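Contents: one structure, followed by commentary.
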Amino acid sequence: MKNRAWYFVIPMIILMSIGAFLPLMVVVNYSQHYIFAGSAATYVGLENFVEVLHDSQFRGAVRRQFIFTFMILLIEIPLGIIIALALPKKGFWVAPCLVLLGIPLLIPYNVVGIIWRLFTQSDIGVIPKIFEVLGGYYNVTLDSFDAAATILLLDVWHWTPLVVLLVYAGLQAIPDAYYQAAAIDGANSWRTFRFVTLPKLRSVLTLGILLRLMDSFKIYSEPLLLTGGGPGTATTYLSLFVARKAESYELGYASAASLIYFFIVLAMSYIAFQIITRIGKGGKVE
Amino acid sequence: MASIEFKNVSHSFEIAEGKDKLEWAVKDMNIVWEDGTANALLGPSGCGKTTMLNIISGLLTPSKGKVYIDGKDVTELSTRERHISQVFQFPVIYDSMNVYNNLSFPLVNMNFPKSKIKEKVMKIAEILGLVDYLDAPSSKLNSAEKQKVSLGRGIVRDDTVGILLDEPLTVIDPKLRGELRRQLKMIQSELKITAIYVTHDQHEALTFADKVAIVKDGQLVQIGSPYDLYYNPASPFVGYFIGSPGMNILDAKLNGSTLSLNGFKIELSKDITDKMEIKNSECQLGIRPEEIITSKERTTETISIKVAIIENMGSYKILTLIKKNGSNRDLSIKTRIDIDMSVSKGDIVYLKFPEKYLKIFKDNHKIY
Amino acid sequence: MNSKKMKNNKISKYFLILYFILLAMPIYWMLNTSFKFDTEILSQFTLFPHKFTVKNYVEIFNSSVWMGSFLHSLEYVCINVIITLVASVPAAYAFSRWKFKGDHHLFFWLLTNRMAPAVIFMIPFTQIYSSLGLFDTVWAVALSHLLFNIPLAVWILEGFMSSIPKELDETAFIDGYSFPQFFTKIFFPQIKAGIGVAAFLCFTFSWVELILAKTLTIINAKPVVVTLTVGIGAEGIKWGLLGAAGVLTLIPGAVVVYFVRNNLAKGFAMGRV
């Protein structure tokens, strides 16, 4: 039986090796060479890595990325919980609400970018119009703060529904008896939330946090389409930064940067994996 | 603690839908649960006991009728306002807190001073046998201990008027069940808690409660002590439901002083016939398996019947006896015999029905 | 108590309605823009088209570039989903049913790939697919997406399969079913929901992916996601056209959701989403 298992797994391994493992080795290889366009490669050992780590542009992108991801989590998680709590638990409106929530999740990321471009572009968008009416200043293409804030808003619009759906599913799993008991025990809404709802949402929230953590770290299409990474580098997050380097044929640098980037995400993924499997095993019925 | 009362309580879940012909989950119930007593609501699944429970606790407002606690009309009040505590089918505890905090939770919400809280919690913990666990995270306890914590939260408050137990042993490990049941009974009688224990298991009901209400199809069939229910069932259903196995209910025809059943006749003495108002009619005869005298000797008063199934119950055996009746329905009777009486399938045995144990029912009422 | 509850419910309701309006606004705006003339878009701010037109849609349907893009996208997405499922289902079965040496490590390695930023693979993929002669073909994109979709599919399918008791398999074998028979007649119907969820997520991910799709194509296999990034003509950015293209890109996703909607609800409840 044990040998049979490997037969089942081999097709997958072959495809993944060709698709993932080999390319990765190529990157590792390149990262240790100086290459430019089609010219011959020179072995430079770890020089590329040093260069990347010292590059203020790279560090800027990393810093921007961490700030972005942090803000995302800060906004999307609590907002997601609040909305999930407000959703109807049963009845006619449940299905339409869930579908409406699902729509942003189904839109291709770049179309999200386009939608928001139409929504925020000076002269044609709704948001600039609102600012105009209120007498403020807003320009997503020229103002760094506006650009970053808009991308943040875009992501919140795009991904909060995921948190909502996860938390909603988690809420459905809490038996009414717990709320009854809390009511009998005289707990007010906040205490009920803190001692009944929140503990029982633990595993679902962790999943939501981890998913948003990892995916927001890889954001690419939306900034590309909305602001092109600008103005300047205001919205150039890590993925965009490394992609630009790769496109500009600085293959050695880009490879090294990719690997560092990968390492950061890998470290976070590893911790995530440990936590998720632990929750999966321990978090069942009491 | 207080007394709880139902006056003409009826409930249908279909009223909101505006249907014409309604299905009533609870039909015109009138019950009083006395202060400080152990009570049970016993009935088969779907009989309406959960609905009744929800009406008592305040989760449901009955379509008709009123609920009283200590004489006060609480029909419109919420659960919290009624101060009724509940133990559920699965342990409901705050698993992010330790046992002490679980027990003190209701008091903390009422802003009790810390010293008073400690006093009360220690007292309750002692009664429940949880003193050693107070610091432990509540999620680490076994299911029986968790149920005790659930109960503890209900009794830690002075203003609790009653405790509802909704099949509380359902998820308890079978090995711990008996012990927990005994402890529940002990706690109830020691603290004089007004308790209503809902279950479909007659053993649980009969061992816990002083007064048991049997419910079927939303109606109260009989209410009484375990003894009453066992020896004086008011209807064939009660006779059949109580007891393991339940009472034999046999179709019969009454003609003056003769009871004719499928395949044999029983002559009734004047004592019985005098007490009955009805003289001629279709009816049902009830007698418990352990009340029938089964022997291998034939006498003039006995009925002969063949053994179809033998169940060995350890200290006794249950025989299922069948008398074939040609084109009519076969007669099937269960009797109980001593473990050392040897019988085999297919044997003929002889049954005697002592008159003192006979119950006669007509139209679901006891007429003798 | 009842009136307080009702008031809370009212607040919740208004809050939800507000949220959903905010949610729908950008999408509505795109729809709105797609039915306008460019002149109207640039000169006025109107909440609905004053001069309604389907010209943008017509232009797209008439454009070989746009239509070709949609076709390319559909092609590689479908190829990808099929290959993914073919490779993932047996693998998921193995993970679910059998403990074999290195299974935890293998599983973890799979997940790692899902987490990897696509950017890393831009360079090697370009080289590899060029040398294979597959550069600028739908096959390049289809194969490259396997990197992410296989782990995702295995993860989801394993979850579904594990919820089906092993006794089912054993009983079938005792009853004399051969493995292929068991799989097609007994097992497959049980996991249909799981396959639906996995297919849906892989479809969406592949349809949406931009980095690799952009890197591996130039003209011949240009997918719609790339065409959408351009949209700049000699006359400047054609907003109406972009809007219409955006709306059209939503359609395949909506169709897929419609077909798997029942499975999705079930899957959400049980699976690893």
Full extension between A:Leu73 and A:Ile130 adds, at 0.36 nm per residue less the Cα distance, a length in nm of 17.8 nm
Size of segment A:92-218 along its principal axes in angstrom, Cα-based, largest extent first?
57, 33, 32
Calculate one ³J(HN,Hα) per residue across segment C:82-96 by plugging θ = phi - 60° into the Karplus curve 6.51 cos²θ - 1.76 cosθ + 1.60, and present them in order as whole Hz with x for glycine and proline.
5, 4, 4, 5, 4, 7, 7, 4, x, 4, 4, 4, 4, 5, 6
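Here are some pairs, B:Lys123/B:Lys148; B:Lys120/B:Lys140; B:Lys265/B:Lys356; B:Lys27/B:Lys64; C:Lys36/C:Lys238; B:Lys324/B:Lys345; which of them have Cα atoms lying more than 19 Å apart in this structure?
Violating the 19 Å limit, Cα to Cα: B:Lys120/B:Lys140.
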Hey, with R₀ at 22 Å, roughly what FRET efficiency would A:Asn139 and A:Thr233 work out to, going by the Cβ-Cβ distance, to 0.05?
0.85
Can you compute 3J(HN,Hα) from phi for each residue in segment C:24-41, using the Karplus curve 6.51 cos²θ - 1.76 cosθ + 1.60 with θ = phi - 60°, rounded to whole Hz and x for Gly and Pro?
7, 3, x, 5, 4, 4, 5, 4, 4, 4, 5, 9, 10, 6, 4, 4, 5, 4
The extension gain from A:Gln274 to A:Asp215, computed as 0.36 nm times the residue separation minus the Cα-Cα distance, is 19.5 nm
Column: log10 I(q)/I(0), Debye, Cα scatterers of the protein assembly as shown, q = 0.06, 0.07 Å⁻¹
-0.63, -0.79
Under the rule of at least 5 residues apart or a separate chain, name every residue whose amide H is placed under 5 Å from the amide H of B:Gln219.
B:Lys27
Bridge type composition, segment B:105-236 - antiparallel percent by DSSP, nearest 5
55 percent
Taking a point 7 angstrom from the Cα of B:Glu301 along the C-beta vector, which residues in segment B:339-368 have backbone N less than 13 Å away?
B:351-358
Stretch gain in nm, segment A:Ala41-A:Leu100, where the contour uses 0.36 nm per residue and the Cα spacing is subtracted:
16.0 nm
For chain C, what does the alpha-carbon gyration tensor say about shape, rounded, prolate or oblate, given a ≥ b ≥ c as the root eigenvalues, a/c under 1.5 as rounded, and a/b over b/c as prolate?
oblate
From the cross-link list A:Lys218/C:Lys214; A:Lys89/C:Lys13; B:Lys306/B:Lys359; B:Lys72/B:Lys216; C:Lys99/C:Lys185; B:Lys216/B:Lys352, the entries with a Cα-Cα span beyond 20 Å are B:Lys306/B:Lys359; B:Lys72/B:Lys216; C:Lys99/C:Lys185; B:Lys216/B:Lys352
Between B:Ile367 and C:Ile164, take the C-beta separation as r, use R0 = 60 Å, and let me know the FRET efficiency to the nearest 0.05.
0.60
Pull up the cross-link candidates among the aspartates and glutamates for A:Lys200, meaning alpha carbon to alpha carbon under 12 Å and not fewer than 8 places away within one chain.
A:Glu286, B:Asp95
Derived scalar couplings ³J(HN,Hα) [segment B:241-256; Karplus, 6.51 cos²θ - 1.76 cosθ + 1.60; whole Hz; x for Gly, Pro]
6, 8, x, 9, x, x, 5, 6, 10, 10, 5, 8, 10, 9, 10, x
Calculated FRET efficiency for the pair B:Asp274/B:Ile348, C-beta based, R₀ 51 Å, to 0.05:
0.90
Per the helix-only calculation at 222 nm, which mean residue ellipticity applies to chain C, given -39500 (n - 2.57) for every DSSP H run of n ≥ 4 and division by its residues, nearest 500 deg cm²/dmol?
-24500 deg cm²/dmol
For chain B, what does the helix formula give at 222 nm: sum of -39500 (n - 2.57) over DSSP H segments with n ≥ 4, over the residue count, nearest 500 deg cm²/dmol?
-7500 deg cm²/dmol
Among rounded, prolate and oblate, which fits segment B:112-229 when a ≥ b ≥ c are the square roots of the eigenvalues of its C-alpha gyration tensor, a/c under 1.5 means rounded, and a/b larger than b/c means prolate?
prolate
Please list the radius of gyration and Dmax for segment B:1-147, considering alpha-carbon atoms only, with Å as the unit.
18.7, 58
For segment C:56-201, rounded, prolate or oblate, judged on the Cα gyration tensor with a ≥ b ≥ c (square roots of eigenvalues), a/c < 1.5 rounded, else prolate if a/b > b/c?
prolate
What is the set of long-range amide H partners of B:Ser10 at a cut-off below 5 Å, with H atoms built 1.01 Å from backbone N?
B:Asp28, B:Met29, B:Ser63, B:Lys64, B:Gly65
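Laboratory data are not the source of any read-out in this text; all were calculated from the coordinates shown. Because the structure is a prediction, the values reported are computed rather than measured. Quick reminder, even Gly has a Cβ in these numbers, built from the backbone with ideal geometry, and neighbours come from all protein chains shown.
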